[in-house]
Amino acid sequence: MKRLSARRFFRKLGLAVLAGGSPLVLVSGCPTDGMNGTTLTAEIECPIGEVAVSDGVLVSAASDPDGATLTFTAVGGATVMPQGASQAEITVGAAGTVTVTVTASEGTDTATDTCVITFAAPDVPPPTLSVSLACPRDGGGGDGEMGVTATTAAGGDVSYAFIVVDESGDTITTEAVSSDAGSVGFSFTAPGPGEFTITVTASAGDDVAADSCTVLISDEPLPITAGLQCPTEVVTVGDTVSVSGTVSNASADVIFAFEATDAESTVVAELTTTENDGEALFTYSATEPGAFVVTVTVNDGNTMAMDSCPITVVPVPPPTGSLPASGSNRTPFASSCAQNVVACTTSFPDAAVTVVPGTGQGVAATTSPVGFIVFGSGGDGFETVQLRSTGTTMGNGATTLTYSWSYGATDANPCTLPPGTQFSVEANPNVAMLVGVHYIRLTVENELIRAAEQSGVLACGTIPEGPKSDFVELVIDVRDP
């Protein structure tokens, strides 16, 4: 039973009195609730009847007097989402009943009201009947006995009607069977070689579905065929090459023999495997660039077949910023020729360079021209050259040494000391260089040398203050056959 607020009570009472014509007498001392002499009430409205689980239910509530704060809660596995000040959406994940409560709050006064929502599971239509027929591969030889399997998607008892016809449309055999297992098998013996069509019709109540397939029976084993699917994208050194081999018309387990050969017909990878599903996968790592051929030979014990496809492997692209071959014919000079300074080497930095071989590299020093040959083995058109500024000294009074590696020559006369393009300021850089001849220079410079810091008497006389430098030039011949 719902409570009436004082205001509603007296309003109804007043209307009744006015209708009866008798005066209304108020007795002093009757209790009232709230500051304004009214009792706070709450009222909630829920839908009548069942609601689908998938539907969200919107409930509304009100308070008397208006303006109270409304709070919605629910019991029964429901989610409550407020929708404004006086509504909330109720959702559930399963069928059942949910009790929704609204609480009205105004100051210290509260009031509640409840309602019940019944959620029902949605109607699920029965599955539509469908049937699929799995026929064997075309076969040859043997006694001509063939078996098929029919599978349905609908549950319950299903009737299956099989019929086999030959190339002329004449019926060879029929068979009817019922099952609730979801699949049934059917076999027949062909009267002789030829093409036969098998049809199955499945029925469950008013639902009917059908499927068919064709098999070929021959006196002799059918020739098998092989196929290869080679990668169409670019294969780079270091990539994994993946090739798929297939066979058709095979009547038994098949032996797949894969081979990958290079331009000289040398086998670089191979695999032999036995499969019974008509396909096999062959993978290997591409370690060298060049043109290759992948071949597959299939054998089912009766006949053999072969297929092949070409594969091109390209080198790893050089790193961005690799130094190209300079192509300069300039003969490198050591600093003893290029510098026009007094021979007080103890007060000047000395530059010296060596090359350290990296993994898979060989390094050889040359004297004509002065430099190094770097032998690579990756076949990718570049090598990372490990340059080392060994033997450099700072000179008397100097405490800092800077390095500048430059590339190429800007002047045919090295005594004018023009460097090429700077490519590093590290003492020991590792630099990617394309295959070819590279003309490089190392320049070392110390900070200001102060004459006051010199000790002893130097044979060459007084050394002026100022930064001192030295450089060395050499050729790097990168080879990567």
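Quick note: the coordinates plus some simple rules give every number you see, no bench work behind them. Keep in mind the model is a prediction, meaning the values are calculated, not measured. Note that each Cβ is placed from the backbone with ideal geometry, even for glycine, and that neighbours are counted across all protein chains shown.
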Within the range 191-276, DSSP-loop GluC sites (Glu not before Pro) with at most 12 other C-beta atoms within 10 Å are Glu233, Glu264
Just to confirm a number: summing +1 for Lys and Arg and -1 for Asp and Glu over residues other than Phe196 whose beta-carbon lies under 9 angstrom from that of Phe196, what do you get?
-3
Suppose R0 equals 51 Å. What FRET efficiency, 1/(1 + (r/R0)^6) with r the Cβ-Cβ distance, do Ser159 and Met81 give to the nearest 0.05?
0.55
What's the magnitude of the charge dipole for the range 225-314 around its Cα centre, counting Lys and Arg as +1 and Asp and Glu as -1 at the beta-carbon? Answer in Debye, nearest 20.
100
State, to one decimal in nm, how far the label point of Ser308 lies from the label point of Ser187, with both points 7 Å from Cα in the Cβ direction.
4.2
For Glu233 paired with Ser130, estimate the spin-label separation in nm (one decimal), with each label point 7 Å from Cα along the Cα-to-Cβ line.
3.2
Under the Karplus relation with 6.51, -1.76 and 1.60 and θ = phi - 60°, whole-Hz ³J(HN,Hα) for the range 315-320, x at Gly and Pro, equal x, 5, x, x, x, 4
Please work out how much length the chain gains when fully extended from Glu279 to Ala427, using 0.36 nm per residue of separation minus the C-alpha to C-alpha distance, in nm with one decimal.
47.6 nm
